[in-house]
Amino acid sequence: MKFVLLAAVLLASAAARPQDAILPEVISSRHMQNEDGSFAYGYEQTDGQVVDVQGEQRQIGDEVGTVMSGSYSFVGLDGVVYTVTWTADENGFRATGDHLPRSV
């Protein structure tokens, strides 16, 4: 019975997917890993999505952790390019963008 239910869900999911959907292609990508643990990667796609990330190992208190920062951009349904710049470190995750609410 579980198999039949799973098969029905998968079939319904496949049928609901737009058949003429065009998947974006990767225009460019990069990846760098250094011996000290620092890294960077990014990519750009034909749909306007752009991702850029950097990270490094950092002493945080008594432990070593990974801190990262980066940005990503995408084209909204309204045709506007939205960009989010973010940081994740010992102070938590923080994101900024013109379209995001600002904390006071």
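General remarks:
- Between amide H atoms placed 1.01 Å from N, distances below 5 Å from residue 38 occur with 57, all of them 5 or more places distant or on a separate chain.
- Computed about the Cα centre, the dipole magnitude for segment 56-104 is approximately 180 debye when only Lys and Arg (+1) and Asp and Glu (-1) carry charge, each at its Cβ.
- Calculated FRET value between residue 59 and residue 29, using beta carbons and R₀ = 41 Å, to 0.05: 0.85
- Accessible area of segment 42-104 divided out per residue, in Å², using a probe of 1.4 angstrom: 69
The values are calculated or read from the model by the stated rules, or taken from the named source; none is laboratory data. Note that the coordinates shown come from a computational prediction; the quantities given were computed from them, not determined experimentally. Because the Cβ atoms are built from the backbone with ideal geometry, glycine has one as well, and the counts that use them run over all protein chains shown. Each accessible area value is taken on the protein alone, full model and side chains, heavy atoms only, with ligands, DNA and RNA left out. Shrake-Rupley method; radii C 1.70, N 1.55, O 1.52, S 1.80 Å.
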